[in-house]
Amino acid sequence: MDIEQLRHFCIAKKGTTEGFPFDNDTLVIKVMGKMFIMIPLDRWENRQEVCIVKLDPEWALELRDEHEDIIGGFQQGRKPDARYVHAKHWNTVVCNGDVPDVFVQELITHSYDLVVKGLTKKMKEELKNNDTSL
């Protein structure tokens with residue numbers, strides 16, 4: 001899967017927006033203002049094709065044991081002040097590695113659904129009634 005396929009898969013989901021809230025290198029895609037995937041574009045440019053998704057913590061542990069290309073957390077390591085995400089919920093997935101594209105898409109959908117599940121009742125209703133991306 002290339003970067004454009006990955007991006008289009010994500011932004012096709014209902015209620016999504018994209019932006020660069022952290023820096024100019026990390027594309028963040030949100031549903032109803034809540035982050036469900038990060039894509040470090042500078043890493044893709046250097047052929048380190050990864051995305052960072054939110055996963056159910058128990059399932060994430062199983063997946064990390066099954067796939068060497070699913071890693072807990074995300075250590076950017078690009079800058080001294082780089083931010084890190086917590087490994088309990090957030091997982092780095094190496095695309096085009098031992099994780100097939102279809103499964104990467106499943107993980108992204110799981111992340112999206114997990115974030116939607118955590119939305120307030122009002123936000124869920126707004127998402128349900130929204131026919132286009134925000």
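The values are calculated or read from the model by the stated rules, or taken from the named source; none is laboratory data. Computed from a predicted model, the values in this text were never measured in an experiment. Cβ placement follows ideal geometry from the backbone for every residue including glycine, while neighbour counts extend to all protein chains displayed.
Looking across region 91-132, the residues that are touching a residue at least 24 places away in the same chain (Cβ under 8 Å), part of a helix (DSSP H, G or I) and either buried (at least 16 other Cβ atoms within 10 Å of the Cβ) or over 16 Å from the mean Cα position of the chain (by Cα) (or both) come down to VAL104, LEU107, ILE108, HIS110, SER111, TYR112, LEU114, VAL115, VAL116, MET123, GLU126, LEU127. Checking each residue in region 13-22 for being buried (at least 17 other Cβ atoms within 10 Å of the Cβ) and without any contact (Cβ under 8 Å) to a residue 40 or more places away in the chain picks out no residue at all. Take the conditions of a type in the set (Gly, Ala, Ser) and at pLDDT 90 or above and apply them to GLY72. Does it pass? No, not satisfied. Inside region 34-53, can you point out the residues that are without any contact (Cβ under 8 Å) to a residue 24 or more places away in the chain and more than 27 Å from ASP98 (Cβ to Cβ)? The answer is none; no residue qualifies. Please enumerate the residues belonging to region 27-53 that are basic (Lys, Arg) and either loosely packed, with under 13 Cβ neighbours inside 10 Å or modelled with pLDDT under 95 (or both). ARG43, ARG47 - these are the residues of region 27-53 that are basic (Lys, Arg) and either loosely packed, with under 13 Cβ neighbours inside 10 Å or modelled with pLDDT under 95 (or both).
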